[in-house]
Amino acid sequence: MLQQTQVTTVLPYYERWMARFPTLKALAAADEQELLSYWQGLGYYSRCRNLHEAAKRVVESGLPTRSDDWRVLPGIGAYTAAAIASISAGEPVAAVDGNVERVYARFAASQEPKARLSTAARKWSESHMRLSTCEPAQWNQALMELGARICSPRNPDCRACPLANACQGKGDPHRFPAKKPSRTVVEISYTVWVPAREGRWGVRRVPPGGWWAGLWEFPRRAEESALHQEFVGASPRGLGEVRHQVTHHRLTLRAFLVEEALWPNDLDWLDTDELKRRAMPAPQRKIANLALRKVVAANGLEPLT
DNA sequence: AATACGGGGAG
DNA sequence: CTCCCAGTATT
C-alpha cells in the first residue's frame, strides 16, 4: 500500500484491510473482488492483485528469508525486498525509496536519471551500512527519515543535516535530483451512461489492458465514437461532469442517466448496496454518487463512500 | 532508459 | 497550478 502512496493516505486503508484480512492465510483465501473493494480509492490496483498472488505463493511455499528470494514475489521490487529482509532478518541490504534517492542525489550532486540514481544510491548506502555499527534496519530507517524530515523535497534544512560536512549539494540542494521535463497534458473525453432500472444499476468490468482494468464501471465511450453519436440522439438526462487527472492525462467524463435504450447486454445489475461494495475507479465513483443523489435521494439512501 | 500505472496531499 | 509520495513491471 505504501508504494508511491503517502503514509497518512494509507493508514485508514491499512486498518480496514488488516481487520478484514488479519493473516496471510486469510488474505490468500480471499476473493479478489472483495480485496479490490478494500483497495478502492488507493490507486495502482495491480499492487492489490500482486499482493494477493504473493500471499498465495507464501502460504503455499513458506516465507522467504533473503532479500533475493523476496524479490521474486510479484509486487516485491528492490525497495520492498530490502526493507523486509533488513527488518525481519537483519540482512545488510539498502532500502532505497524516494527519500534515499533524493538524499544521495544531493549528497553526490548527481543529476543522473532515476534508474542510475537508484543504483548508485543503493551502492552508496550499502557500503556505508557495512562500515557502520548500526543495524541494517536502523540504517535504512535513518536514511529514509533523514530524507523525509531534513533533506525534504521543498525545504531542505541543511543546517540540521548530519551529512552537511561532506555534502556536495548543500549549496543549492534544489538542483538535485534533476527534474524531468513535464509532459504535455492530453485531454480525453468520455461519455458515461448510467443504466438504471427498478432500483438497480448496470455496471461492467473494465476491460483489461488499460487504466482500472478489472474494476467496475458504468459503460463508457470515447466521445468521438459512433456509439456516442447514437447515444446523444437518444436525448438522455444529464447527470453532470466529472474531471479527473491521471498522470499526464486530463479526463472529462460527461455522465447521463439512461433508463431504457442503449444498454450493453452484458451488464451486471446491482442494487445500491451491491454497487457500494464494488471497486470502482474514483471518477466513476463520483458519477455513482451523482446518480444516487439524483435518483434515490428522496428515498433517504446514503452516498457511496 | 523510458513509460504505464491512481489518487491525493501539500505548497 | 506543481511536485511527489516508504515503487514495480514492462517495453
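Miscellaneous remarks
- Here A:ALA30 meets each of (1) within 11 Å of DNA strand C (Cβ to nearest atom); (2) farther than 17 Å from A:ALA83 by Cβ with one exception, condition (1).
- The stretch A:237-253 residues that are touching a residue at least 12 places away in the same chain (Cβ under 8 Å) and closer than 14 Å to A:TRP212 by Cα, paired with ones that are part of a strand (DSSP E or B) and within 12 Å of DNA strand C (Cβ to nearest atom) (beta carbon under 7 Å, 6 or more apart): A:LEU251/A:ARG243; A:LEU251/A:HIS244
- If you go through the stretch A:155-194 and keep only what is free of Cβ contacts under 8 Å to residues at least 24 places away in the same chain and more than 23 Å from the chain's Cα centre (by Cα), you end up with A:ASN155, A:ASP157, A:CYS158, A:ARG159, A:ALA160, A:CYS161, A:PRO162, A:ALA164, A:ASN165, A:GLY171, A:ASP172, A:HIS174.
- Selected residue [away from DNA strand B (no atom under 16 Å from the Cβ), over 30 Å from A:GLY169 (Cα atoms) and not basic (Lys, Arg)] from A:SER67, A:SER46: A:SER67
- Complete set of residues in the stretch A:7-40 that are within 16 Å of DNA strand B (Cβ to nearest atom), acidic (Asp, Glu) and open to solvent by 70 Å² or more (accessible area, probe 1.4 Å): A:GLU15
- Pair list, Cβ < 9 Å and 6+ apart or interchain, from the stretch A:2-21 residues that are farther than 17 Å from A:LEU36 by Cβ to residues that are part of a helix (DSSP H, G or I) and open to solvent by 90 Å² or more (accessible area, probe 1.4 Å): A:LEU2/A:TYR14
- The helices (runs of 4 or more DSSP H) located wholly in the stretch A:193-305 include none with 3 or more residues which are at pLDDT below 85 and within 11 Å of DNA strand B (Cβ to nearest atom).
- The number of residues in the stretch A:41-71 being within 15 Å of the chain's Cα centre (by Cα), of a type in the set (A, V, I, L, M) and open to solvent by less than 30 Å² (accessible area, probe 1.4 Å) comes to 1.
The values are calculated or read from the model by the stated rules, or taken from the named source; none is laboratory data. Being a predicted model, the structure only gives us computed values, none of them experimental. Positions of Cβ are generated from backbone atoms using ideal geometry, with glycine treated the same way; all protein chains shown enter the neighbour counts. Just so you know, the surface numbers come from the protein's heavy atoms only, side chains and all, with ligands and any DNA or RNA stripped out. Shrake-Rupley method; radii C 1.70, N 1.55, O 1.52, S 1.80 Å.
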